[in-house]
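A.B. asks: Supplied in structure tokens, the structure appears directly below.
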Amino acid sequence: MPNVAIIGAGPAGLMAAETLAEAGCRVTLFERMASPARKFLLAGRGGLNLTHSEPRERFLTRFGEAAFWLEPMLDAFPPARLREWADRLGEATFIGSSGRVFPKSFKASPLLRAWAHRLDGLGVRLETRHLWTGWGQEGRPHFETPDGERSVAADAVILALGGASWPRLGSDGAWVPRLEAEGVAVARLRPANSGALVAWSVPFRERFAGAPLKRIAMALEGRSVRGEAIVTSTGLEGGAIYALASTIRDVLDRDGAATLAVDLRPDLTEVAIARKLAAVRKGESTSNRLRKAAGLDPAAIGLMREAAPTLPVAPEELAALVKAVPLRIEGVAPLARAISTAGGIAQAGLDANLMLRARPGVFAAGEMLDWEAPTGGYLLQASFATGHAAARGVLAFLRRDPPAPWVGGFQREGEGDAARATSS
């Protein structure tokens, strides 16, 4: 029976463990923290958005430049299969009004408990408080533990160590220099789905920190998204900002600053807003005109005053500002405060089975890989899918299958005989 070590017990590592154990492998999970899947549990506090129900073609676009190499993995473990998997664990899911998919319990803990029970039934062992420090004698994974250092023997290894966001939950990116020393190409880790930093005036910050900006649109570099944002003491957070985070980050890297165009009434044309403003009776203050005619709340009006302390009076000029408030972004929240991580092990450093070219027999999955996606269920879906893909890659390796090329070479579900791994 092949012996597989999986380092990292988040969603990718747990899914890899389940896939391999079901195929007859002896699996041990090594986790640096005292318990598994801490970031997964944190995500559950917001309702645990598992995946998204939108059509496949649109779903794939959420992964940007990485879509072409993630596509076969997402096809092998798509949203429908994730929902079936959750249902088998006794956690039925539903599709919300936005198309996002949640467990009916809205919690991560019942799902994780059922998952842990299943893994235990499959014979998967969990070793906690094991900090991976690299490779020991004979190239074995080496760990620091409360009982001292140890190396473990394994026929194959999967690294599922996460990115570098929320390091207090276990993923701190300390693996980067260790893999780079092995010749593995790693794209720089950067914050993804992170807040934007804005130098608010003191009056605006003191009055509106914590206020929502509802039903807005934001545009930058030809990209436009609708959604909501929250004013914070340091800038903006929320879905609309997160969806533009990669573009904001790239513009900041290039120019040092970025200017968003914020549309406070994306449901109305500029002409329609100007007409409504012109119809307000004379003598009304500009704030009242914006409140009555354009339907803006105090936070939205305050945002306009941040861009133009003296608001224009002419309806046409005021309407133009409502439709495109210029907002200067000074930076993004640090990686430790980001929801997820951009960058990671470069696709060129992996074969199509997610095995490191520089270290045969070692595979990688999850947020360690060089991909990013917005919030909305895409992050968890890709973590599950790449964990599943890495496990299938291990089975191919144990069968001694020829290395798979990227172009048309990713083995589709059902090809090959996974059971042969148990006799290798």
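A.B. asks: What figure in square angstrom, to the nearest 10, would you give for the accessible area of S233 with a 1.4 Å probe?
C.D. replies: The accessible area of S233 comes to roughly 70 Å².
A.B. asks: Rank A308, A333, A261 by mean-square fluctuation in a GNM of the chain with C-alpha springs under 10 angstrom and give only the top-ranked residue.
C.D. replies: For the chain, modelled as a Gaussian network with Cα springs under 10 Å, the answer is A308.
A.B. asks: Multiply the residue separation of K292 and S233 by 0.36 nm, subtract the distance between their alpha-carbon atoms, and state the gained length in nm to one decimal.
C.D. replies: Working it through step by step, the gained length comes to 18.5 nm.
A.B. asks: Which one of A352, A396, A320 has the biggest mean-square fluctuation once the chain is modelled by GNM with Cα springs under 10 Å?
C.D. replies: Ranking A352, A396, A320 by mean-square fluctuation puts A320 first.
A.B. asks: Let me ask something else about it. Scan around L350 for amide H atoms under 5 Å from its own, H built in the peptide plane at 1.01 Å from N, and keep only partners 5 or more places away or cross-chain.
C.D. replies: R357
A.B. asks: What are the aspartates and glutamates whose alpha-carbon lies under 16 Å from the alpha-carbon of K214, with same-chain residues fewer than 8 places away excluded?
C.D. replies: Straight-line reach from K214, under 16 Å: E228, E237, D263, D267, D297.
A.B. asks: Can you list the HN-Hα couplings for segment 45-57, worked out from phi with the Karplus curve (6.51, -1.76, 1.60; θ = phi - 60°), rounded to whole Hz and with x for Gly and Pro?
C.D. replies: Going residue by residue, I get 5, x, x, 6, 6, 6, 7, 9, 9, 5, x, 3, 4 Hz, with x marking Gly and Pro.
A.B. asks: Let me ask something else. Looking only at D351, D155, D255, which one moves most when the chain is put into a Gaussian network model with springs between Cα atoms under 10 Å?
C.D. replies: Its mean-square fluctuation being the largest, the pick is D255.
A.B. asks: In addition: Can you compute the FRET efficiency between E316 and R223 using 1/(1 + (r/R0)^6), with r the Cβ-Cβ distance and R0 = 30 Å? Round to the nearest 0.05.
C.D. replies: 0.65
A.B. asks: So, one more: Among bridges DSSP assigns within the chain, what percent are antiparallel (round to 5)?
C.D. replies: Of all bridge pairs located within the chain, approximately 70 percent are antiparallel.
A.B. asks: Considering the convex hull of the alpha carbon atoms of the chain, report its projected area averaged over all viewing directions, in nm², one decimal.
C.D. replies: 22.3
A.B. asks: Out of the GluC sites (Glu not before Pro) in segment 169-220, which ones are loop residues according to DSSP with at most 12 other C-beta atoms within 10 Å?
C.D. replies: Loop-located and lightly packed - none at all.
A.B. asks: Sticking with this one: Would you compute, for the Cα atoms of segment 110-178, the largest minus smallest coordinate along each principal axis and list the three values in descending order, in whole Å?
C.D. replies: 37, 29, 24
A.B. asks: Can you give the log10 of the normalised intensity I(q)/I(0) at q = 0.19, 0.30, 0.32 Å⁻¹, computed with Debye over equal Cα scatterers of segment 45-91?
C.D. replies: Calculated log10 I(q)/I(0) at the listed q: -0.68, -1.13, -1.19.
A.B. asks: Further question: What is the Cα convex hull volume of segment 65-110 when expressed per residue in Å³?
C.D. replies: 98
A.B. asks: A further question on this structure: Suppose we look only past 21 Å in the calculated P(r) of segment 93-224. What percent of the Cα-Cα pairs does that tail hold?
C.D. replies: 69
A.B. asks: Let me ask something else about it. What residues of segment 141-174 lie in the reach of a label at A34, counting those whose backbone N is under 17 Å from a point 7 Å from the Cα along Cα→Cβ?
C.D. replies: 145-147, 168-171
The values are calculated or read from the model by the stated rules, or taken from the named source; none is laboratory data. Not measured: the values here are computed from a predicted model. Because the Cβ atoms are built from the backbone with ideal geometry, glycine has one as well, and the counts that use them run over all protein chains shown. Heavy atoms of the whole protein, side chains included, go into the accessibility calculation; ligands, DNA and RNA do not. Shrake-Rupley method; radii C 1.70, N 1.55, O 1.52, S 1.80 Å.
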